[in-house]
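The values are calculated or read from the model by the stated rules, or taken from the named source; none is laboratory data. From a predicted model like this one, the values you see are computed outputs, not experimental measurements. Cβ placement follows ideal geometry from the backbone for every residue including glycine, while neighbour counts extend to all protein chains displayed. The protein model used for the area step is the full one, side chains on, heavy atoms only, and it has no ligands, DNA or RNA in it. Shrake-Rupley method; radii C 1.70, N 1.55, O 1.52, S 1.80 Å.
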Amino acid sequence: MPITVRVGPSINTVRKLDNPNRFASVELNRTPIPGSGAIRAWQMNAHTAPVARSRDCIFQVFEIDVVVHFIERLNLPKIKRGWFDPNPDHPSGYEADAPRDPSHWKLDVANVSVHEYSHIMDVVRAVERRLNIEFNQAGVQEQLTIQWLCDDEAGAYQRLFALAGQRLQAMGIAEFEQLMARFQQHQAQSETERAARRAQIAEHESR
Ligand SMILES: [Zn+2]
């Protein structure tokens with residue numbers, strides 16, 4: 001039976017960004033909790049079946065929920081002086097004392113955060129795709145199937161969390177760091193950047 005992995009974000013917002021060129025940034029939070037990495041399983045579900053002539057059960061994982069921890073940094077002085085040009089060909093933000101055109105709107109934290117959230121969800125979906133492949137590779141399911149005392153469900157899950165954690169740790173987060181870095185380059189024509197600006201426009205239109 002395949003293992004289904006669901007992934008969601010956890011975002012820690014910091015109201016300080018020392019980069020005059022950026023309204024905001026996002027990065028993976030490598031140490032969100034002592035002893036934990038940026039990518040962490042927080043919920044698991046296993047089928048259980050009793051083992052004949054024994055007090056043991058087979059616990060077989062079929063569902064894992066994973067959280068990816070991010071840090072979002074906001075450049076408040078820049079946002080305060082920021083405007084947004086929703087030109088459909090080149091939507092973009094800029095800093096000025098006044099808008100260059102009456103169709104431009106004032107940037108604010110909510111609008112900028114919608115932009116960053118769009119990047120975050122692009123990363124979350126990429127992690128989810130990757131983990132669903134990873135946890136369904138040959139041999140992984142066997143690793144996440146254990147024989148354990150039926151009465152000690154808590155102990156069984158503790159063991160299963162440790163095993164899943166080892167798997168996540170073995171994978172590392174280098175490739176997600178790279179993915180994040182690509183998203184951070186903010187190339188105006190990249191798909192993630194276009195999606196983020198579309199999200200910003202939609203958020204403003206919904207006001
Ligand atoms: Zn962006």
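Across region 84-140, what is the number of residues that are polar (S, T, N, Q) and either touching a Phe, Trp or Tyr at 6+ places or on another chain (Cβ under 8 Å) or under 21 Å from THR192 (Cβ atoms) (or both)?
Step one: of region 84-140, the residues polar (S, T, N, Q) are 87, 92, 103, 111, 113, 118, 132, 136-137.
Retained after the next criterion (residues that are either touching a Phe, Trp or Tyr at 6+ places or on another chain (Cβ under 8 Å) or under 21 Å from THR192 (Cβ atoms) (or both)): 87, 92, 111, 113, 118, 132.
So the count comes out to 6.
I'd like to check which helices (runs of 4 or more DSSP H) are fully inside region 151-207 and have at least 1 residues that are within 16 Å of the ligand (Cβ to nearest atom), surrounded by fewer than 17 Cβ atoms within 10 Å (Cβ to Cβ) and in contact (Cβ under 8 Å) with a residue 60 or more places away in the chain.
174-184, 191-205
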Only one of (1) more than 20 Å from the chain's Cα centre (by Cα); (2) open to solvent by less than 50 Å² (accessible area, probe 1.4 Å); (3) within 16 Å of the ligand (Cβ to nearest atom); (4) not basic (Lys, Arg) fails for MET121. Which number is that? (1)
Filter region 29-46 down to residues that are in contact with a Pro (Cβ under 9 Å, 6 or more places away or on another chain) and farther than 16 Å from ILE11 by Cα, then give me how many there are. 0
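For the structure I just gave you, tell me whether ALA110 is away from the ligand (no atom under 16 Å from the Cβ), over 30 Å from ILE3 (Cβ atoms) and open to solvent by less than 60 Å² (accessible area, probe 1.4 Å).
Working: away from the ligand (no atom under 16 Å from the Cβ): no; over 30 Å from ILE3 (Cβ atoms): yes; open to solvent by less than 60 Å² (accessible area, probe 1.4 Å): yes.
In short, no.
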Taking the condition of being at pLDDT 90 or above, among the polar types (S, T, N, Q) and open to solvent by 60 Å² or more (accessible area, probe 1.4 Å), how many residues in region 22-59 meet it? 1
So which helices (runs of 4 or more DSSP H) are wholly in region 47-150 and hold at least 2 residues that are closer than 17 Å to PRO9 by Cβ and β-branched (Val, Ile, Thr)? 109-134
